[in-house]
Amino acid sequence: MDRRTFLRLSGATVAALSVGALTPQRAGAAGSFFLHGVASGDPSPDGVVLWTRVTPMPDAVPGSGLGPAVSVGWDIAEDPGFRRVVARGERRTGADWDHTVKVEVEGLRPDTYYWYRFSFDGTRSAVGRTRTAPPTDFAQERVCFGVVSCANLEGGYFSAYRDLASRADELHAVVHLGDYLYEYGSGDYGPGPRIKRLHEPAHAIYSLSDYRMRHAQYKRDPDLQRLHAAVPFVVTWDDHEIADDAWSGGSKETPTGAFPARVAAARQAYAEWMPVRDLWSAPLYRKLTFGRLVDLSMLDLRSYRTKQPTLTEEGKPAGRTITGDEQLGWLIQGLTETDAVWRLVGNPDMISPLIAPQLPYVVTAALSRILPIPPQGSSVNRDQWDGYPGDRDRLLSHVYGHRLRNVSFLTGDIHTSWAAQVPLEYGDYPNTPVPATELICPSVTAESGADLLRSRRLARLAQRALVAKNPHFQHSELVSHGYSLLDVRPEGIEFSWHYVSDRTRVDATVWQAAVARIASGDTTVRVGSRV
């Protein structure tokens with residue numbers, strides 16, 4: 001979605017050894033070979049993906065196509081001192097994969113911390129810590145995720161990542177819901193020029209070399225490195241990993257005929273630079289399990305969707321889809337067959353209907369070049385599920401008709417914080433059934449409503465009007481940046497919002513705001529403060 005389209009060992013010891021071991025200062029000991037840190041992802045009960053990037057010679061910079069093929073060693077151990085190594089090996093890499101290294105380790109013990117590192121030419125990388133998922137047949141009592149999305153490097157400092165890394169001992173994984181990076185040129189979006197955080201390359205990215213360079217720049221950020229090194233990630237992409245408002249056949253800012261090459265470049269760079277399993281033999285959408293407590297279905301809402309409808313295109317025409325038939329069928333089947341207590345869906349784009357109310361001229365005027373809201377109100381964004389009501393109806397009708405309990409969508413994209421009771425029929429709420437809930441995290445740095453309006457007062461006016469028009473939303477906050485925490489237990493879930501004091505300050509602090517609570521077997525969302 002065009003964000004400018006919506007409202008312009010023991011606890012202490014383990015923490016010191018795991019998170020502290022991967023601070024940028026310690027990472028500097030890796031010399032010039034491991035400049036982009038280490039990462040892990042897609043944890044299963046017996047395995048995990050490990051990732052790094054090696055720079056075998058000074059000229060072999062990301063995107064250059066230079067540098068020889070080399071072998072990189074890796075170790076994974078049960079302790080941070082690597083006295084109990086459980087697996088090791090070597091992996092070949094070269095310019096064809098931009099010297100990135102990815103290892104899918106198997107044969108590990110479930111719900112266990114492991115430490116890992118890489119080596120090249122006698123030099124070791126920084127040490128990372130990861131964690132496997134609980135066994136699939138285990139009645140897990142608690143699972144906790146960090147939930148993030150929309151991190152524009154030119155939008156500010158990644159203080160949210162830094163604070164989330166400090167909570168690593170609480171987390172099973174970080175769920176990243178997309179817009180891990182932004183494709184815009186330098187100075188196009190956010191306060192980057194003012195705070196001297198500028199994109200590389202300076203132009204909007206199109207080629208494979210461009211996307212590799214942009215991924216590499218983000219991986220050099222010290223706060224992102226710290227978080228990757230501390231916790232495994234579960235990721236999906238949204239549009240900005242490719243192009244703004246991308247769909248399966250194009251994007252509004254990509255010249256006609258140029259999109260196939262652009263999306264191929266974006267996909268290859270993503271496969272190289274992200275800690276995900278092989279994207280060439282399997283789709284990005286996938287399911288992860290965390291004991292019998294959580295099934296997490298991660299969606300890909302860019303690769304199979306048809307073009308977004310315009311504001312004048314209403315109805316549910318055959319063929320219009322946000323998921324594609326195969327992915328939607330996979331999701332419905334997975335939600336139906338699981339016996340997990342909680343059915344969570346990693347959902348890049350808002351599924352709850354959102355209708356814009358009549359707003360004061362001062363608000364609509366400020367948003368007019370990016371959100372032309374008709375005077376009588378309208379669906380806010382057709383890039384969301386609002387543009388694809390047929391898919392939404394099919395999914396929600398199945399959830400309701402089959403009495404599937406505890407379905408909750410975890411959403412990013414919209415740069416603001418929300419909690420919703422997702423209605424089966426928007427126009428009949430509150431008399432319509434509520435098959436599911438939706439919990440939406442804020443952006444890490446990308447423009448919020450207050451940033452676009454340049455006024456917290458106007459943003460708060462807009463959020464009150466939006467909730468009044470859309471009473472199925474139990475919470476809305478259009479001002480702040482940060483991250484969310486999801487605490488899952490058999491009896492219920494808590495989703496809390498944590499906000500950064502100032503995205504443009506490297507020394508920003510983080511504070512907790514509201515928390516949404518949902519009891520097992522219920523779709524009522526109750527929002528308050530944490531006790």
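How much net charge surrounds Glu90 when only the other residues with a Cβ under 15 Å from the Cβ of Glu90 are counted, with Lys and Arg +1 and Asp and Glu -1?
Numbers: positive: Arg88, Arg91, Arg92, Lys102, Arg117, Arg124; negative: Asp75, Glu104, Asp121.
With Lys, Arg at +1 and Asp, Glu at -1, the net is +3.
Can you run phi through the Karplus equation (6.51, -1.76, 1.60; θ = phi - 60°) for region 439-456 and list ³J(HN,Hα) in whole Hz, with x for Gly and Pro?
Each residue's phi maps through the Karplus curve to give 10, 10, 7, x, 6, 5, 9, 4, 3, 8, x, 5, 5, 6, 7, 6, 7, 5 Hz.
Quote the FRET efficiency, to the nearest 0.05, computed for Ala519 versus Ala139 with a Förster distance R0 of 22 Å and r equal to the Cβ-Cβ distance.
Details: r = 18 Å, r/R0 = 0.83.
Here the calculated transfer efficiency is 0.75.
Near Lys219, which lysines are there with a Cα under 27 Å away, not counting those fewer than 8 places off in the same chain?
Qualifying lysines at Cα under 27 Å: Lys102, Lys196, Lys287.
Once the convex hull of the C-alpha atoms of the chain is built, how many Å³ does it hold per residue, rounded to a whole number?
Numbers: hull volume 74.6 nm³, N = 531.
Once divided by residue count, the hull of the chain is 140 Å³.
Which of rounded, prolate, oblate describes region 415-531, given a ≥ b ≥ c as roots of the alpha-carbon gyration tensor eigenvalues and a/c under 1.5 marking rounded, otherwise prolate only if a/b is larger than b/c? Write down the numbers at each step before the final one.
Numbers: a/c = 2.74, a/b = 1.37, b/c = 2.00.
Because a/c hits 1.5 or more and a/b fails to exceed b/c, region 415-531 counts as oblate.
Tell me the net charge near Thr254. Cut-off is 12 Å between Cβ atoms, Thr254 excluded, with +1 for each Lys or Arg and -1 for each Asp or Glu. It would help to have the intermediate numbers written out before the result.
On the way: positive: Lys252, Arg262; negative: Glu183, Asp239, Asp244, Asp245, Glu253.
Cβ neighbours under 12 Å give a net charge of -3.
Residue by residue, what Karplus-based ³J(HN,Hα) values in Hz, rounded to whole numbers, does region 164-175 have, using 6.51, -1.76 and 1.60 with θ = phi - 60° and x for Gly and Pro?
Those phi angles translate into 5, 4, 5, 9, 3, 5, 7, 9, 8, 6, 9, 9 Hz.
Quick one: Karplus J couplings for region 343-352, per residue in order, coefficients 6.51, -1.76, 1.60, θ = phi - 60°, nearest Hz, x for Gly and Pro?
Whole-Hz 3J(HN,Hα) from phi for region 343-352: 9, 9, 10, x, 10, x, 10, 3, 9, 5.
Treating each Cα of region 26-164 as an identical point scatterer and ignoring solvent, apply the Debye formula and state log10 I(q)/I(0) at q = 0.20 Å⁻¹.
The Cα Debye sum returns log10 ratios of -1.24.
Normalise the Cα radius of gyration of region 169-233 by 2.2 N^0.38 Å (N = residues in it) and let me know the number.
Details: Rg = 13.6 Å, N = 65, 2.2 N^0.38 = 10.7 Å.
Scaled against compact globular proteins, the figure is 1.26.
Please give, to one decimal in nm, the separation of the simple spin-label points placed at Glu90 and Asp278, each 7 Å out from Cα toward the Cβ.
2.2 nm
Select from Ala173, Ala160, Pro193 the residue farthest towards the positive end of the dipole of region 3-529; place +1 on Cβ of Lys and Arg, -1 on Cβ of Asp and Glu, and compute about the Cα centre.
Value: Pro193.
List every residue whose amide H lies under 5 Å from the amide H of Arg286, counting only residues 5 or more places away in sequence or on a different chain, with H placed 1.01 Å from N in the peptide plane.
The answer is Met298.
For an R0 of 51 angstrom, estimate the FRET efficiency from the Cβ-Cβ distance between Asp121 and Lys316 and round to the nearest 0.05.
Working: r = 59 Å, r/R0 = 1.16.
Calculated value: 0.30.
Counting other beta carbons within 10 Å of each residue's own, what order do Arg302, Arg505 fall into, fewest first? Could you put the intermediate results ahead of the total?
Values: Arg302 27, Arg505 13.
Listing Arg302, Arg505 from fewest to most nearby Cβ atoms yields Arg505, Arg302.
So for region 3-529, taking the charge dipole from beta-carbon charges (+1 Lys/Arg, -1 Asp/Glu), which of Phe120, Pro430, Val467 sits furthest toward the positive end?
Comparing the listed Cα positions along the dipole, Val467 ranks first.
Counting helices only, and only those DSSP H runs with n ≥ 4, report the 222 nm mean residue ellipticity of the chain as the sum of -39,500 (n - 2.57) divided by its residues, in deg cm²/dmol to the nearest 500. Walk me through the numbers on the way to the answer.
Numbers: 12 runs with 111 residues, N = 531.
So the helix-based figure for the chain works out to -6000 deg cm²/dmol.
At 7 Å along Cα-to-Cβ for each site, give me the label-to-label distance between Asp393 and Glu253 in nm.
3.4 nm
Starting from the Cα gyration tensor of region 26-85, take the square roots of the eigenvalues, sort them a ≥ b ≥ c, and report rounded, prolate or oblate (rounded when a/c is under 1.5, otherwise prolate if a/b is larger than b/c, else oblate).
Details: a/c = 2.40, a/b = 1.72, b/c = 1.40.
Prolate shape, in that a/c is at least 1.5 and a/b is the bigger ratio.
Using the basic label-point model (7 angstrom from Cα toward the beta carbon), what is the Ala69 to Arg194 distance in nanometres?
Roughly 5.0 nm, to one decimal.
Under a Cβ-Cβ cut-off of 11 Å, what is the net charge of the residues other than Ser501 that fall near it, where Lys and Arg count +1 and Asp and Glu count -1?
Values: positive: Arg503, Arg505; negative: Asp163, Asp502, Asp507.
Value of the local net charge: -1.
Under 1.5 on a/c is rounded, so check that first for region 407-482, then, if it is not, pick prolate when a/b is larger than b/c and oblate when it is not; a ≥ b ≥ c are the square roots of the alpha carbon gyration tensor eigenvalues. If you can, show how the numbers build up before the last one.
On the way: a/c = 3.56, a/b = 1.61, b/c = 2.21.
Verdict is oblate for region 407-482.
Magnitude of the Cβ-charge dipole of the chain, K/R +1 and D/E -1, about the Cα centre, nearest 20 debye? Please report the intermediate quantities before stating the final value.
Working: 58 positive and 61 negative charges, 212 e Å.
With Lys and Arg at +1 and Asp and Glu at -1, about 1020 debye.
Out of all DSSP beta bridges with both ends in the chain, state the antiparallel percent to the nearest 5.
On the way: 72 of 94 bridges.
Percent antiparallel among DSSP bridges in the chain is about 75.
Applying a 10 Å radius around every beta-carbon, put 123-131, 222-230, 400-408, 180-188 in order of their mean neighbour count, most first. Don't skip to the end; give the middle numbers.
Values: 123-131: 23.4, 222-230: 25.1, 400-408: 16.0, 180-188: 20.4.
Packing proxy ranking, top to bottom: 222-230, 123-131, 180-188, 400-408.
Here, each number is a calculation from the coordinates, and none is a lab measurement. Owing to the predicted nature of the structure, the values given are computational and were not obtained by experimental measurement. A quick note on method: Cβ atoms are made from the backbone with ideal geometry, for glycine too, and the neighbour counts reach across all protein chains shown.
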